[in-house]
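In what follows, a single structure is set out as structure tokens and then discussed.
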Amino acid sequence: MKKTVTVYGAGLAGCEAAWQAVRAGARVRLYEMKPEKYTPAHHSEGFAELVCSNSLRSDSVSNAVGLLKEELRRMGSLIMEAADSTRVPAGSALAVDREKFSAYITEKIKNCPDIEIISKEADGVTDGEVTVIATGPLTSDKMADYISNGLGCGSLHFFDAAAPIVDAETINMEVAFFASRYDKGDADYINCPMTEEQYNAFWQELISAEEAPLKDFDREEQKKLKVFEGCMPVEVMAKRGRDTLLFGPLKPVGLIDKRTGKQSHAVVQLRRENAEGTMYNLVGFQTHLSFPEQRRVFRMIPGLENAEFLRYGIMHRNTYLNSPGLLDATYALIGREDIRFAGQMTGVEGYIESAGSGFVAGLNAARRAQGLEPIVFPRTTMIGAMADYVKNGGNSSFVPMNANFGIIEPLPHRVKGGKVAKNEALAARSLEEIEKFDFLLKKEN
């Protein structure tokens, strides 16, 4: 009889954990509260629903998240298999058609004979079961209370924001133009150029626009509102100074309008949202403005004067653990090693990072159920460096962290050629390390 692992949550981390547990020889019971209940940010019945951007960011191994993608590809990640199968043009980045991405993963999970799906909201785990909790940054109140109080974990909160999506046919291409920054890759982005006068007018309206009320939280919790830097609302960023956006999402560097041969004062980029190119999202425009204010202010962007908004930006709660001293490098709860966590709840930030934590947690949950020793990936790999960060944290208070070369173990020698050459050397070492796990991880279902 195969041993059983229970996974709570069918997001990216939970689906990856379930898939890897099966590949490692276990059966899985997968709990998912949809369609019985939805979070404020989820709308479809499918698994692995992308609620923010449809971009999985850079696909180059000289970029930290690109390296993590390649590690996961080589080790048989379901999330990467789905992403590669449903990608849409996005220059040097990996972006996906979010509906096809979710459908691909949902079909794989539902058709796996060793995965039993239970559509039910969970309010705790059963003692003695080998478990992966991957209920995400929007964990239900019941489960969050159990994690905080029943398991004695405590919790922290920050707020996450999603960017609006517009109808491609309503973008004024007499003003906007196609290009990728520095002409890297194909010209997959729509770019809306701004003069200095247009930018100043837009900035003034943006910082004074009305925000949507946080209906789900009382005034005391609003006072403690904490915005994670990696997904900051554009209006919050703008309030840091008139020129802040010019070094962020409205950075004009490397974007030349071939019709004029000039670089604009500011540029708003839009990225394809689906394979057909009928929808585009405003890159870096996560927001908590009210819907009428989004329509008013964002239509000040040249080229979007008559844009039809297919989805407005939203802001929602995220929950993550104060993981250092609480979780080990396999994402197991110290003192309760039958219980593992995965996804943004652990303090990893980003789609691929969440999938990576699910990979490690699912693999090791199956090994735990079978009485095998855990696999701890070394800090010379990106997947291992992330787990080490979750276990040990940084030098200050623990905050969510994207994959980055700052957390990976440094090279023992200097590399000539600058930052890119150094990152390429780190990536080559990491992928060489990953190959050592081949006999363990590349088993077919």
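The values are calculated or read from the model by the stated rules, or taken from the named source; none is laboratory data. All figures in this text were calculated on a predicted structure; none of them were measured in a lab. Cβ atoms come from the backbone with ideal geometry, glycine included; neighbour counts cover every protein chain shown. Remember, those area values only see protein heavy atoms, side chains included, never the ligands or the DNA or RNA. Shrake-Rupley method; radii C 1.70, N 1.55, O 1.52, S 1.80 Å.
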- Can you give the % of DSSP beta bridges in the chain that are antiparallel, to the nearest 5? 60
- Message: Among CYS15, ALA212, SER290, which residue has its Cα furthest toward the positive end of the charge dipole of the chain, with +1 on Lys/Arg Cβ and -1 on Asp/Glu Cβ?
- Response: CYS15
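Would you mind getting the accessible area per residue of the chain, heavy atoms of the protein chains only, 1.4 Å probe, in Å²? Could you put the intermediate results ahead of the total?
On the way: 19160 Å² over 445 residues.
Dividing the accessible area of the chain by its residue count gives 43 Å².
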- Just read off the accessible area of SER140 with the full protein assembly in place, 1.4 Å probe, to the nearest 10 Å². 20
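What size of dipole, in debye to the nearest 20, comes out for the chain about its Cα centre when the only charges are +1 on Lys and Arg C-beta atoms and -1 on Asp and Glu C-beta atoms? Mind showing how you got there, number by number?
Numbers: 53 positive and 60 negative charges, 196 e Å.
I would put it at about 940 debye.
Considering Cα pairs under 8 angstrom that are at least six residues apart, work out the relative contact order of region 18-120 and quote it in whole percent.
Details: 126 pairs, mean separation 41.9, N = 103.
In percent, rounded to a whole number, it is 41.
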- List the aspartates and glutamates whose Cα lies under 12 Å from the Cα of LYS251, skipping any in the same chain that are fewer than 8 positions away. ASP243
- Item | aspartates and glutamates whose Cα lies under 12 Å from that of LYS2, excluding same-chain neighbours fewer than 8 positions away | ASP114
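Give a quick list of trypsin sites (Lys or Arg not before Pro) in region 364-438 that DSSP marks as loop, anything other than H, G, I, E or B, with at most 15 other Cβ atoms within 10 Å. Please list the in-between numbers first.
Values: sites: ARG367, ARG368, ARG379, LYS391, ARG414, LYS416, LYS419, LYS422, ARG429, LYS436; in loops: ARG379, ARG414, LYS416, LYS436.
Sparse-neighbourhood loop trypsin sites (Lys or Arg not before Pro): ARG414, LYS416, LYS436.
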- Item | Long-range HN-HN contacts of LEU250 with modeled amide H, under 5 Å | none
- Check every DSSP H run in the chain and write down those whose alpha carbon atoms cover 20 angstrom or more along the long axis and whose mean Kyte-Doolittle hydropathy is -0.5 or greater. 351-369, 418-435
- Which residue, GLY356, GLY248, GLY66, tops the fluctuation ranking in a GNM of the chain built on C-alpha contacts under 10 Å? GLY248
- Task: Past 24 Å, Cα to Cα, is the threshold; run LYS100/LYS391; LYS69/LYS142; LYS184/LYS262; LYS108/LYS142; LYS69/LYS436; LYS34/LYS69 against it and keep the listed order.
- Result: LYS100/LYS391; LYS69/LYS142; LYS108/LYS142; LYS34/LYS69
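Taking the convex hull of the Cα atoms, report for region 284-334 its projected area averaged over all directions, in nm².
If I average the Cα hull's projected area over directions, I get 5.8 nm².
Given 20 °C and 1.002 mPa s, compute D for region 1-117 with the Stokes-Einstein relation, Rh being the Kirkwood radius over Cα pairs; round to the nearest whole µm²/s. Provide the component values of the computation, followed by the final result.
On the way: Rh = 14.8 Å.
For these conditions, the coefficient is 144 µm²/s.
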- Note on the structure: Across ASP127, ASP167, ASP186, the residue with the highest GNM fluctuation in the chain (Cα network, 10 Å cutoff) is ASP127
- Task: Quick one: pull the percent of accessible area on region 67-181 belonging to carbon and sulfur, 1.4 Å probe, ligands and nucleic acids left out.
- Result: 45
- Hey, in the GNM for the chain with a 10 angstrom Cα cutoff, which one of ARG336, ARG259, ARG73 fluctuates hardest? ARG259
- If the viscosity is 1.567 mPa s and the temperature 4 °C, what Stokes-Einstein diffusion coefficient in µm²/s follows for region 82-145 when Rh is the Kirkwood radius over Cα pairs? 88
- Output ³J(HN,Hα) for region 402-408: one whole-Hz value per residue in order, computed from phi by the Karplus curve 6.51 cos²θ - 1.76 cosθ + 1.60 with θ = phi - 60°, and x for Gly and Pro. 6, 4, 7, 6, x, 9, 7
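Taking every pair of Cα atoms in the chain, average 1/r, invert it to obtain the Kirkwood radius, and report Rg/Rh to two decimals. Display every interim value, and only then the final one.
Numbers: Rg = 21.9 Å, Rh = 22.6 Å.
When Rh is taken as the Kirkwood radius, the ratio is 0.97.
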- Can you work out D for region 56-102 in µm² s⁻¹ from Stokes-Einstein, where Rh is the Kirkwood radius over C-alpha pairs, the temperature is 4 °C and the viscosity is 1.567 mPa s? 122
- Note on the structure: For region 352-413, the accessible surface attributable to carbon and sulfur atoms (probe 1.4 angstrom, ligands and nucleic acids excluded) amounts in percent to 48
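What size of dipole, in debye to the nearest 20, comes out for region 47-136 about its Cα centre when the only charges are +1 on Lys and Arg C-beta atoms and -1 on Asp and Glu C-beta atoms?
Details: 10 positive and 15 negative charges, 96 e Å.
Its charge dipole is roughly 460 debye.
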- With the dipole of region 268-366 defined by +1 on each Lys or Arg Cβ and -1 on each Asp or Glu Cβ, the option from ALA332, ILE352, LEU270 whose Cα lies farthest towards the positive pole is LEU270
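For Cα pairs less than 8 Å apart in space and 6+ apart in sequence, what is the mean separation divided by the residue count of the chain, i.e. the relative contact order in percent?
Relative contact order for the chain comes out at 24 percent.
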- When only the heavy atoms of the protein chains count and the probe is 1.4 Å, how do GLU211, GLU99 rank by accessible area, highest first? GLU99, GLU211
- Dipole of region 245-308, Cα-centred, from +1 at each Lys and Arg C-beta and -1 at each Asp and Glu C-beta, to the nearest 20 debye? 260
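Between GLN263 and ARG299, what FRET efficiency comes out of the Förster formula 1/(1 + (r/R0)^6) with R0 = 25 Å and r the beta carbon distance, rounded to 0.05?
Working: r = 24 Å, r/R0 = 0.95.
For ARG299 and GLN263, the calculated efficiency is 0.60.
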